[in-house]
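Right, one structure below, let's go through it.
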Amino acid sequence: MKPHAFVAMPFGTKPGHDGVPVDFNRVFAELLEPAIAAAGLTVLRADQEQRAGDIRTDMFQELLMADLVVADLTIDNPNVWYELGVRHALRSRGVVLVAGGRSPTAFDLYTDRKLRYALKDGAPDPDTLDADRDRLTAMVRATMASWHGRPVSPVYALMPHLREPDWREMRIGQVKAFWDLHDAWEDRIDLARKTGRIGDILVLAEEAPVTAFRAEAWIKAGEALRRAEKFDFALEQLDRGLAVEPVHRKGLQEKGICLQRLAQAGVPGHSIDRARAHYREMLALTDTLGRPLYAEDAESWALLGRVEKDTWIEAWRAPDKSPVQMREDAAYEDALLRAAIENYLRGYRCEVGHYFSGINALTLMHLHAHLTGDTRYAATAASMAGAVRFAAQCDAHAGGYWAAVTQADLELLDGSPETVTAAYKEAVARDDKDWFSLNSTRAQLALLASLGFRPEAVSAAQAVFERALARMRRPETQWQPRNVFLFSGHMVDAPDRAAPRFPEDKVPAAAARIAAALDDMGAGPEDLAVSQAAAGGDLLFLEAALARGLRAQVMLPFDEPEFIARSVLPSRGGDAWRDRYFAVRGASGVSVRVMDDDLGPAPAGTDPFERCNLGLLYTALACGIDKVRFVCLWNGGGGDGPGGTAHMYEEVKRRTGRVEWIDTRTL
């Protein structure tokens with residue numbers, strides 16, 4: 001869904017300053033609406049709202065949530081000035097001022113930049129209309145591009161202490177339809193996140209009613225992708241969200257995690273220094289008055305501590321080293337260890353209830369003393385232990401396993417093997433079915449064991465987890481394809497199609513070319529095919545993929561009966577194509593999804609087929625950017641809107657270059 005613009009202007013015909021009536025409906029229809037739309041925004045003015053009720057509630061909601069407000073100040077209309085004042089009070093940016101004929105002389109806006117358009121006989125001057133449209137389009141684009149520059153609202157420019165209200169808390173009760181729509185959209189986002197359908201999150205993000213919602217969705221998608229270890233694609237989505245909300249705390253934290261993981265994986269262009277610099281920049285962020293935003297954020301300090309801890313571990317841990325050599329090297333790298341301690345400690349001092357940073361600081365302090373004999377942290381550790389225990393105990397119910405394991409970790413630092421065993425058994429009992437959590441703790445214990453830390457206590461703890469994990473079956477990870485073959489292509493021509501695009505007599509040639517493309521790309525049983533299933537290119541592709549043993553994910557823009565009626569039967573020989581559709585649908589390894597079932601109906605003005613293609617594209621990319629290969633049966637025509645074949649072609653080509661274009665004009 002495009003960004004959203006609200007136009008504040010007079011309605012109908014009103015007297016102008018020179019006595020000539022101005023037809024503002026023509027100004028909107030001939031100048032403002034087309035110029036703003038050309039900049040890529042949808043356009044609404046208050047009189048277009050058809051819902052019954054107080055028009056002011058809709059207007060207030062628009063002035064708060066709209067990505068852009070365009071105010072026409074041609075005449076001194078009190079409603080327009082009032083609406084502009086409300087926008088200036090609610091938001092610091094996103095305003096464009098226009099005026100027909102003379103510029104307004106109001107003192108408060110005297111120095112503000114305005115776009116003047118020409119009027120003739122009370123309507124846009126036809127001699128300058130095209131030029132005025134182009135100038136307004138350029139101004140709108142420039143305003144949207146400079147969203148994070150200085151405030152344009154005189155309220156925020158002259159009152160730097162003022163902060164914009166959080167739109168999440170500014171629900172106007174009477175505008176129930178707007179928030180019902182938002183809540184239903186957000187519920188679908190959460191469902192997609194819980195079911196691991198990250199591609200759905202990205203489609204829904206594109207359909208958000210305003211940019212603020214899209215930013216939230218992109219950041220949620222980034223987090224889901226990060227958890228799925230698709231760090232490069234996660235970083236791309238996080239950057240999209242942060243471009244809208246550059247100081248979004250969760251988004252910045254997730255970006256740091258991705259940068260760290262990409263560096264650890266040795267991905268070119270990424271280094272641990274980049275991740276470290278990112279967190280330090282985040283912690284140094286300030287508001288417009290220079291007040292720190294996250295300098296006291298415990299979680300951010302803990303994440304920086306994790307970077308330093310992993311840097312220390314990488315400096316000494318290697319499979320070809322003996323245990324003695326690793327301990328000696330770990331002690332030698334004590335400066336790196338202290339950097340991790342200091343960051344975890346800083347986080348805990350910011351928030352003493354943040355026991356995660358506290359237990360990490362304490363454990364590393366004890367390790368530092370064990371490896372170096374240096375007791376510089378002894379007093380701090382002694383005073384912290386009780387506070388960390390108390391914090392974990394207070395969160396025992398909400399924190400579940402991790403609150404309990406923190407208390408067990410404290411016991412590990414100075415308790416007996418018997419008390420250590422009892423504490424970890426208590427933690428395991430809190431969540432004895434979460435294999436991944438238990439295995440994470442086992443890995444931490446293995447690290448301590450490799451450094452010879454309190455061997456009897458650590459051995460006792462390890463025994464608890466070995467026994468717990470031995471009676472559990474490791475959860476089967478979801479099947480991951482080696483490669484993903486994404487397809488988009490023309491339907492076979494209907495009998496009444498005026499200009500041939502993919503006629504029936506070209507079907508055998510197209511089938512041969514698609515099969516050859518899959519063979520050239522090495523498609524096989526370890527791969528996944530992703531496509532719609534229309535008569536023509538889609539079904540030819542799916543048949544070729546199934547013949548080579550691929551699994552297939554089919555996505556339909558409508559429920560099956562409507563899809564067959566619209567995309568299978570209209571072709572020449574429709575009954576035969578329907579039989580081929582059901583043969584593909586019933587084949588082993590084929591999964592069929594209907595977009596509307598999980599994402600809800602397509603928003604007004606959205607092409608369902610392009611929406612489905614967008615879902616296919618994001619589903620493929622969510623499996624791993626480097627895995628995607630794109631095959632298209634296409635005549636090179638069509639627009640470049642999201643979800644079109646041209647868009648899919650460019651998106652895959654830009655990321656991987658692995659595309660195979662079968663031009664129907666050459667068949």
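The values are calculated or read from the model by the stated rules, or taken from the named source; none is laboratory data. Everything numeric in this text was worked out from a predicted model, so none of it was measured. So basically every Cβ, Gly included, is an ideal-geometry build from the backbone, and we count neighbours across all protein chains shown. Side chains are part of the model used for accessible areas, which takes the heavy atoms of the whole protein and leaves out ligands, DNA and RNA. Shrake-Rupley method; radii C 1.70, N 1.55, O 1.52, S 1.80 Å.
Some notes on this structure:
- Cβ-derived FRET efficiency at R0 41 Å, ASP559 paired with TRP435, nearest 0.05: 0.60
- Largest accessible area first, the residues PHE563, PHE582 order themselves as PHE582, PHE563 under a 1.4 Å probe with ligands, DNA and RNA left out.
- Heavy-atom accessible area per residue - the chain, 1.4 Å, Å²: 45
- Accessible surface of TRP479 - all protein chains present, 1.4 Å probe, nearest 10 Å²: 90
- Peptides 131-142, 612-623 ranked from most to least packed by the mean count of surrounding Cβ atoms within 10 Å: 612-623, 131-142.
- Extension gain, LYS120 to ARG317, is 63.1 nm, computed as 0.36 nm per intervening residue step minus the present C-alpha separation.
- Those aspartates and glutamates that a straight Cα-Cα span of less than 12 Å connects to LYS120, excepting residues fewer than 8 apart in one chain: ASP18, ASP23
- Each listed q (0.06 Å⁻¹) maps to a log10 I(q)/I(0) for the chain, found by the Debye formula over equal Cα scatterers with no solvent: -0.48.
- Taken along its principal axes, the alpha carbon cloud of segment 598-646 reaches lengths of 33, 29, 14 Å, longest axis first.
- Of the two radii for segment 517-571, the radius of gyration is 1.04 times the Kirkwood radius, both from the alpha carbons; that is the Rg over Rh value.
- Total charge dipole magnitude, the chain, about the Cα centre, Cβ charges on Lys, Arg, Asp, Glu only, Debye to nearest 20: 960
- Most to least accessible of VAL203, VAL86 (protein chains only, probe 1.4 Å): VAL86, VAL203
- Set against the 2.2 N^0.38 Å expectation for a compact globular protein, segment 417-571 has a Cα radius of gyration ratio of 1.84.
- Neighbourhood net charge (13 Å Cβ-Cβ; Lys/Arg +1, Asp/Glu -1) for GLY549: -1
- Here the extension length gained between ASP127 and GLU342 equals 70.5 nm, from 0.36 nm per residue of separation less the Cα-Cα distance.
- Computed 3J(HN,Hα) for segment 373-383, one whole-Hz value per residue from the Karplus formula 6.51 cos²θ - 1.76 cosθ + 1.60 where θ = phi - 60°, is x, 7, 9, 4, 9, 4, 5, 4, 4, 5, 6, glycine and proline marked x.
- Residues of the chain were split at every exposed loop site, defined as GluC sites (Glu not before Pro) in a DSSP loop with at most 15 other C-beta atoms within 10 angstrom, and the longest piece left, sites excluded, is 1-228.
- Placed amide H near VAL628: partners under 5 Å, 5+ positions off or other chain: VAL484
- Full-extension gain in nm, ARG376 to ALA398, via 0.36 nm per residue minus C-alpha separation: 4.5 nm
- Taking the empirical scaling 2.2 N^0.38 Å for compact globular proteins as reference, segment 259-313 has a Cα radius of gyration ratio of 1.25.
- In this simple spin-label model, placing a label point 7 Å from the Cα along the Cα-to-Cβ direction at both VAL20 and ASP329 gives a separation of 8.3 nm.
- Considering only alpha-carbon pairs that sit under 8 angstrom and 6 or more positions apart, the relative contact order computed for the chain is 8 percent.
- Label point of ASP180 set 7 angstrom out along Cα-Cβ; within segment 604-618, amide nitrogens under 18 Å from it belong to 604.
- Centre separation in Å (Cα based) which lies between segment 329-353 and segment 412-490: 24
- Cα-Cα over 18 Å, subset of LYS230/LYS627; LYS250/LYS627; LYS627/LYS653; LYS194/LYS230; LYS220/LYS433; LYS194/LYS220: LYS250/LYS627; LYS220/LYS433
- Rolling a 1.4 Å probe over the protein chains gives THR13 an accessible area of about 90 Å².
- At the residue level, SER591 shows approximately 50 square angstrom of accessible surface with a 1.4 angstrom probe and all protein chains present.
- Applying 1/(1 + (r/R0)^6) with R0 = 45 Å to the Cβ-Cβ distance of SER416 and ALA587 gives a FRET efficiency near 0.15.
- Candidate cross-link partners of LYS114 among the aspartates and glutamates, defined by an alpha-carbon separation under 14 Å and a same-chain spacing of 8 or more, comprise ASP72, ASP132.
- In order along segment 180-193, phi translates into HN-Hα couplings of 4, 4, 4, 5, 5, 5, 5, 4, 5, 4, 5, 4, 4, 5 Hz, rounded to whole numbers, per the Karplus curve 6.51 cos²θ - 1.76 cosθ + 1.60 with θ = phi - 60° and x for Gly and Pro.
- Heavy-atom accessible area with a 1.4 Å probe sorts LYS309, LYS14, LYS120, LYS114, largest first, into LYS120, LYS14, LYS114, LYS309.
- Projected label distance in nm at ARG141 and THR286, using a 7 Å step from Cα toward the beta-carbon: 3.6
- Share, in percent, of DSSP beta bridges within the chain that are antiparallel, nearest 5: 15
- Amide H contacts of ALA8 (H built 1.01 Å from N, under 5 Å, at least 5 apart or other chain): VAL70, ALA71, ASP72
- In this simple spin-label approximation, ARG497 and GLU456 carry label points 7 Å from Cα along the Cα→Cβ vector, and these lie 8.1 nm apart.
- The chain, accessible surface, carbon-and-sulfur percent (1.4 angstrom probe): 52
- Derived scalar couplings between HN and Hα for segment 129-140 equal 4, 4, 5, 5, 4, 4, 5, 5, 4, 5, 5, 4 Hz in order, rounded to whole Hz, by the Karplus curve 6.51 cos²θ - 1.76 cosθ + 1.60 (θ = phi - 60°), x for Gly and Pro.
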